1. Contact list please: Cβ distance under 8 Å, first residue in segment 87-105 and at positive phi and in a helix (DSSP H, G or I), second residue surrounded by 15 or more Cβ atoms within 10 Å (Cβ to Cβ) and not acidic (D, E), pairs at least six apart or on different chains.
2. In segment 48-99, which residue that is among the polar types (S, T, N, Q) and closer than 22 Å to K110 by Cβ is surrounded by the fewest Cβ atoms within 10 Å (Cβ to Cβ)?
3. Can you confirm whether L116 is at pLDDT 95 or above, of a type in the set (A, V, I, L, M), part of a helix (DSSP H, G or I) and closer than 30 Å to K51 by Cα?
4. Out of the residues in segment 48-86 meeting the condition of being in a helix (DSSP H, G or I) and polar (S, T, N, Q), tell me which one is modelled with the lowest pLDDT.
5. Restricting to segment 87-111, name every residue that is among the β-branched types (V, I, T) and modelled with pLDDT of 95 or more.
6. Given the options S124, S136, name the one that is surrounded by 16 or more Cβ atoms within 10 Å (Cβ to Cβ) and in a helix (DSSP H, G or I).
7. Name every residue in segment 115-131 that is among the charged types (D, E, K, R), touching a helix residue (DSSP H, G or I) at 6+ places or on another chain (Cβ under 9 Å) and within 18 Å of T73 (Cβ to Cβ), in order of residue number.
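The values are calculated or read from the model by the stated rules, or taken from the named source; none is laboratory data. This one's a predicted model, so the numbers in the text were calculated from it and none came from an experiment. Ideal geometry is used to build each Cβ from the backbone, glycine not excepted, and the neighbour counts take in all protein chains shown.
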Amino acid sequence: MKRREWSSKDWRLAMFLSLCMLAVAVMPATALHMGKNEDMRELKWADSDLKQELWRIHADYRMGIFALRLNRTEKMLDTLDAHGFNISEAIRILERIEGMKLQLQEALEKQDPKDLREVNRELSRMWREFRRSLKSAIVHAR
């Protein structure tokens, strides 16, 4: 592939896309779970039907956010790729993140906060790795 010189417009677009990517990835997956003090099993005032409904709503929300985040990230990677950035490492990491979908879904279905925290920690670690990889790709393009 022939390399071309980057204009100031190209650099502005690259910086804008990198800022957008960081904004997408800024909220780690761990921020999306209920928190240590908000375990659904601790809701003494709620009957079991209400707890089940709240878990279902939470699970739907988490899976929706997961899918939305992946979709936005893929679109941004497509844009960066179209502008000549080497994003192969970021794509590899994103594929691993996508592979965590089943684990997240299972943890939500089991309604086990401990399992959910473990999945969240791993997703958070992988998103940090992804951001570092993306930042490296953008910096090395200069």
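1. Going by the 8 Å Cβ cut-off, there are no qualifying pairs.
2. Going through the qualifying residues, I end up with S48.
3. no
4. Among residues in segment 48-86 that are in a helix (DSSP H, G or I) and polar (S, T, N, Q), the one modelled with the lowest pLDDT is S48.
5. I91, I93, I97
6. Being surrounded by 16 or more Cβ atoms within 10 Å (Cβ to Cβ) and in a helix (DSSP H, G or I) holds for just one of S124, S136, which is S124.
7. Listed by number, the residues that qualify are E122, R128, E129, R131.
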